[in-house]
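Trainee: Can you keep this structure in mind? I'll have questions shortly.
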Amino acid sequence: MRHAIFSALLMLTFTSSASAETLGVSVADLDEFNTTLLNGLLSHAKDSAGLKVVTKNAKGDNELQRKQIEELAADKVDALIVLLSDGDLGAQLTPVAAAAGIPLVYVNNVPANVADLPDNQTVVASDEKESGSLQTKEVCKLLNGKGRLAVLMGEPFHAAARARTKDIDEVIASPECEGLKVVERQAAYWSPDFADAQVQEWISAGVKFDAVIANNDDMALGAIRALKRNNVAMKDVVVAGVDAIQPALAAMTEGDLAVTVFQNAAGQGAGAVDAAVKLMKGEKIPRENYIPFELVTPQNVANYLPRSQ
């Protein structure tokens, strides 16, 4: 059912008038977070900006995403919004948009070439220096500054994965957290299934850890699944994620997830639309536009749950 919903979502195209300007949108893939981001983008484009939107899913394929941008540029869309499948891909996409004279907004995944973006290209994201730092400082607090950490990383080429993992290292190098030690560190590619398999491998190998710090909630949920399958009491392992997606918040209310960090996916999608509209009007905006992260714990999780809960 989820895949059917995702497919339908990508087919959405709407307009408030025949002369509406068109946004061409390419997303890396559709996991829980990216779908929330795309929903926010589509809703804001329709309700606030009256734009026509054409969406494409790169399905994690760099070459496919490059071709999608070339096709959208050839179709003369008025602006492009891209959630990169690979931060290094920005160096290929920036000149495509520049040559066509089309404004380009990178959303969520900051391109490696961010310092070289032309005036009609920008980034809307959250400052990853905050995410892993907030997450790891809270884990440090819960472990009283001492313990063994297992780290689950996202895709190695993804800017957020790199930054969040670096944040972990910087926090445990601080005096108040120097009693923390990383005993395992592996990529699980943002996937709950890969994370489940990786944690299962650690458990089977007899690796001892007091916390699992995951670069995103999907991996944290996969870790929880593996721990519970192996009859590990969740009170004995601190599990931390990033994004505050609804399944993670549910896991927190159940006592399984200890820490997450709210990244406003819908806000990033809406912010990307606002940035695109300004660039289409010829306005100058900052090269990087950040939406703050927020620490979520069992003490404040109610503030992030749907109102019906």
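The values are calculated or read from the model by the stated rules, or taken from the named source; none is laboratory data. Please read these numbers as outputs of a predicted model, since none were measured by experiment. Here Cβ is always computed from backbone atoms with ideal geometry, including for glycine, and neighbour counts include all displayed protein chains.
Trainee: Can you pull out every residue in the stretch 247-293 that is in contact (Cβ under 8 Å) with a residue 24 or more places away in the chain, among the hydrophobic types (A, V, I, L, M, F, W, C), under 29 Å from ILE224 (Cα atoms) and surrounded by fewer than 20 Cβ atoms within 10 Å (Cβ to Cβ)?
Mentor: Hits for the stretch 247-293 are ALA266, ILE291.
Trainee: Now a separate question. Where residues in the stretch 159-213 are part of a helix (DSSP H, G or I) and in contact with a Lys or Arg (Cβ under 6 Å, 6 or more places away or on another chain), which of them is nearest to LEU257 (Cα to Cα)? Let's see the steps before the verdict.
Mentor: First pass over the stretch 159-213, keeping only residues part of a helix (DSSP H, G or I): 159-172, 175-177, 192-204.
Of the ones still in play, those that are also in contact with a Lys or Arg (Cβ under 6 Å, 6 or more places away or on another chain) are 171, 196.
On the way: VAL171: 20, ASP196: 15 Å.
Top of the filtered list is ASP196.
Trainee: Here's a follow-up. Here are VAL96, VAL110: which of them is assigned to a loop (DSSP other than H, G, I, E, B) and out of contact with any Gly (no Cβ under 6 Å at 6 or more places or on another chain)?
Mentor: Values: VAL96 fails: assigned to a loop (DSSP other than H, G, I, E, B).
Residue meeting the stated conditions: VAL110.
Yes/no per residue for (1) over 20 Å from the mean Cα position of the chain (by Cα); (2) aromatic (Phe, Trp, Tyr); (3) at positive phi:
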| residue | (1), (2), (3) |
| --- | --- |
| LEU117 | yes, no, no |
| ASP127 | no, no, no |
| SER133 | no, no, no |
| ASN144 | yes, no, yes |
| LEU152 | no, no, no |
| PRO156 | no, no, no |
| GLU170 | yes, no, no |
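Trainee: Among the residues of the stretch 113-153, write down those that are under 30 Å from ALA97 (Cα atoms) and outside any helix (DSSP H, G or I).
Mentor: Hits for the stretch 113-153 are ASN113, LEU117, PRO118, ASP119, ASN120, GLN121, THR122, VAL123, VAL124, ALA125, SER126, ASP127.
Trainee: From ALA197, ALA112, which residue is modelled with pLDDT of 95 or more, surrounded by fewer than 18 Cβ atoms within 10 Å (Cβ to Cβ) and not acidic (Asp, Glu)? Spell out the reasoning first.
Mentor: Working: ALA112 fails: modelled with pLDDT of 95 or more.
Matching residue, one of ALA197, ALA112: ALA197.
Trainee: Follow-up. Can you tell me which residue is farthest from GLY24 (Cα to Cα) among those in the stretch 59-115 that are of a type in the set (S, T, N, Q) and free of Cβ contacts under 8 Å to residues at least 60 places away in the same chain? Walk me through how you get there before you give the answer.
Mentor: Going residue by residue through the stretch 59-115, those that are of a type in the set (S, T, N, Q) are 62, 65, 68, 85, 92, 94, 108-109, 113.
So of that shortlist, the ones also free of Cβ contacts under 8 Å to residues at least 60 places away in the same chain come out as 62, 65, 68, 85, 92, 94, 113.
Values: ASN62: 17, GLN65: 12, GLN68: 9, SER85: 16, GLN92: 17, THR94: 14, ASN113: 21 Å.
By that ranking, first place goes to ASN113.
Trainee: Do we find a residue being within 15 Å of ALA240 (Cβ to Cβ), polar (S, T, N, Q) and either out of contact with any Cys (no Cβ under 6 Å at 6 or more places or on another chain) or crowded, with 21+ Cβ neighbours inside 10 Å (or both) anywhere in the stretch 149-166?
Mentor: Scanning the stretch 149-166 turns up at least one residue that is within 15 Å of ALA240 (Cβ to Cβ), polar (S, T, N, Q) and either out of contact with any Cys (no Cβ under 6 Å at 6 or more places or on another chain) or crowded, with 21+ Cβ neighbours inside 10 Å (or both).
Trainee: Could you please let me know if THR122 is within 30 Å of VAL277 (Cα to Cα), surrounded by 23 or more Cβ atoms within 10 Å (Cβ to Cβ) and not charged (D, E, K, R)? Please lay out each step first, then the result.
Mentor: Details: within 30 Å of VAL277 (Cα to Cα): yes; surrounded by 23 or more Cβ atoms within 10 Å (Cβ to Cβ): yes; not charged (D, E, K, R): yes.
Here the answer is yes, as THR122 does meet what is asked.
Trainee: Kindly evaluate ILE102 against the criterion of being assigned to a loop (DSSP other than H, G, I, E, B) and more than 30 Å from VAL238 (Cα to Cα).
Mentor: Working: assigned to a loop (DSSP other than H, G, I, E, B): yes; more than 30 Å from VAL238 (Cα to Cα): yes.
Yes: the conditions hold for ILE102.
Trainee: Can you tell me how many residues within the stretch 66-96 are modelled with pLDDT of 95 or more and closer than 20 Å to ALA160 by Cα?
Mentor: Narrowing the stretch 66-96 to residues modelled with pLDDT of 95 or more: 66-84, 89-96.
Subset that is closer than 20 Å to ALA160 by Cα: 81-84, 89-94.
Looking only at that region, the number is 10.
Trainee: Looking at PRO286, PRO306, PRO298, can you tell me which residue is closer than 30 Å to VAL82 by Cα, modelled with pLDDT of 95 or more and over 19 Å from the mean Cα position of the chain (by Cα)? Let's see the steps before the verdict.
Mentor: On the way: PRO306 fails: modelled with pLDDT of 95 or more; PRO298 fails: closer than 30 Å to VAL82 by Cα.
Answer to the check: PRO286.
Trainee: Report the residue count in the stretch 47-86 for those that are surrounded by fewer than 18 Cβ atoms within 10 Å (Cβ to Cβ), of a type outside the set (A, V, I, L, M, F, W, C) and part of a helix (DSSP H, G or I).
Mentor: 7
Trainee: Continuing with this model, one more query. Exactly one of (1) small (Gly, Ala, Ser); (2) in contact with a strand residue (DSSP E or B) (Cβ under 7 Å, 6 or more places away or on another chain); (3) farther than 25 Å from ALA160 by Cβ is unmet by ALA99. Its number?
Mentor: (2)
Trainee: Go through (1) more than 22 Å from GLY267 (Cβ to Cβ); (2) modelled with pLDDT under 95 one by one and return the number of the condition ILE213 breaks.
Mentor: It fails just one condition, (2).
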